[in-house]
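The values are calculated or read from the model by the stated rules, or taken from the named source; none is laboratory data. In this text, all values refer to a predicted model and were calculated from it rather than measured experimentally. Glycine also receives a Cβ, built like all others from the backbone with ideal geometry; neighbour counts cover every protein chain displayed. Just so you know, the surface numbers come from the protein's heavy atoms only, side chains and all, with ligands and any DNA or RNA stripped out. Shrake-Rupley method; radii C 1.70, N 1.55, O 1.52, S 1.80 Å.
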Amino acid sequence: MKVILYTKDFNEKINEPVDIILSPQFYWIKKIDIPIKSLKDAKKLSKTLFKLDDTYLYDAFEINGKYYAYAIKKNININIDKKFINSIRLAQTELYDFNIINVSKNYSIQKIDDLLFCFPNIKNAPYIKDILPSLKLSKNKINIFNRIKLKKSVVISLLLLFLFINISFLLNIIKNKQTVKNLELKKAKIIHKYHLPKTTYQIKAILNELKEKDFNQNKIKKDLEFITKTPLKNDETFISLSYDKNRFDIEINSKRNFDNYFKKKFIKVNSNINNIYKASLYE
């Protein structure tokens, strides 16, 4: 079965079953750095890692012993007839083994800190069309279109069961004076089972660490979007682009000076031009 990489500028006509790999342009991704014991725990945690609403689908997956959470729009618009869509997947799971891949003449996908982002096209990198025919797909699919349709009778039964459980719970709260103690006991068991921190101070420390990582990841993404829009002429291309410790190093096949453009976004720009524009951009 044919495998395609779907990007925001995809315009190929599809009239046969395909497996779709979504570009990083279509989803949010985060690496879970706090200690968890299983993929099940990662899935439960995934929604809390994003400051998004209920229009998104949240889930998690595992790669090489590391857990990742993602968020993707439930009503994502894919311009391919649903009858030809065999599966939908993320670039993060299917292209993880590649550090850099050219997607088109304008864009590439690169790995930074185990996460895949969209970059400007890089010279001499492998091209996606040469990779897809022999690519071995993972078991990680996302289920957006093929949702389970329950019969009306089943839905009613589930609602009645849910109502009965809630009424019973409320009655127990009213009648049972030990409810508070039971909840505290359950809380202690959950903390022990999942090795969660016992104090508010520890929880706040983990929360602050996650907020910092979230801020840094969003900042990198915005910086990459800015670099992608560098005003290049038709005969000018990116030769290389890398990121390390709050610094981007770039090389552009051009004799022009781009300092004024990059200073709109970056605190410090160190550059030199000798037939090739080279610069270090500091955040």
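Students often get this wrong: which residues of segment 28-49 have the backbone nitrogen under 19 Å from the point 7 angstrom along Cα-to-C-beta of His192?
Hits in segment 28-49 for His192 at 19 Å: 37.
Once phi is turned into θ = phi - 60°, what whole-Hz ³J(HN,Hα) does the Karplus curve with 6.51, -1.76 and 1.60 give for every residue of segment 252-265, x standing for Gly and Pro?
Once θ is set to phi - 60°, the couplings for segment 252-265 become 10, 6, 6, 9, 7, 9, 9, 4, 4, 5, 5, 5, 5, 10 Hz.
If Rh is defined by the Kirkwood formula over all Cα pairs and Rg also comes from Cα, what ratio Rg/Rh do you get for segment 230-282?
0.93
Under a 1.4 angstrom probe, counting protein chains only, how are Phe258, Phe26 ranked by accessible area, largest first?
Greatest to least solvent exposure: Phe26, Phe258.
For Lys73, what residues show an amide H to amide H distance below 5 Å, using hydrogens built from the backbone and excluding near sequence neighbours?
Leu57
Between segment 63-100 and segment 219-268, what's the alpha-carbon centroid distance in Å?
28
Give, in nm to one decimal, the length gained when the segment between Asn99 and Asn275 is fully stretched (0.36 nm per residue of separation minus the Cα-Cα distance).
That pair, Asn99 and Asn275, stretches by 60.6 nm at full extension.
How big is the accessible area of Lys141 in square angstrom, nearest 10, if you roll a 1.4 angstrom probe over the protein chains?
Spelled out: Lys141, probe radius 1.4 Å, area about 120 Å².
For Cα Rg over 2.2 N^0.38 Å, one of (i) 0.97; (ii) 1.06; (iii) 1.28 was computed from the structure I shared and the rest are decoys. Which label?
Matching the structure shown: (iii).
Return one number: the angle in degrees, 0 to 90 and rounded to the nearest 10, between the long axis of the Cα atoms of helix 200-228 and the longest principal axis of the Cα atoms of the chain.
It works out to around 30 degrees.
Taking a probe of 1.4 angstrom, what is the accessible area of Glu212 in Å², to the nearest 10?
It works out to around 110 Å².
With a 1.4 Å probe and all protein chains left in place, how much accessible area per residue does the chain have, in Å²?
That works out to 66 Å² for each residue.
What full-extension length gain, to one decimal in nm, is calculated for Asn64 and Leu160 as 0.36 nm per residue of separation minus the Cα-Cα distance?
Once the chain is fully extended between Asn64 and Leu160, it gains 30.3 nm.
Give the accessible area for Lys263 in Å² (nearest 10); use a 1.4 Å probe, count only protein heavy atoms, and leave out ligands, DNA and RNA.
Here the residue's solvent-accessible area equals roughly 120 Å².
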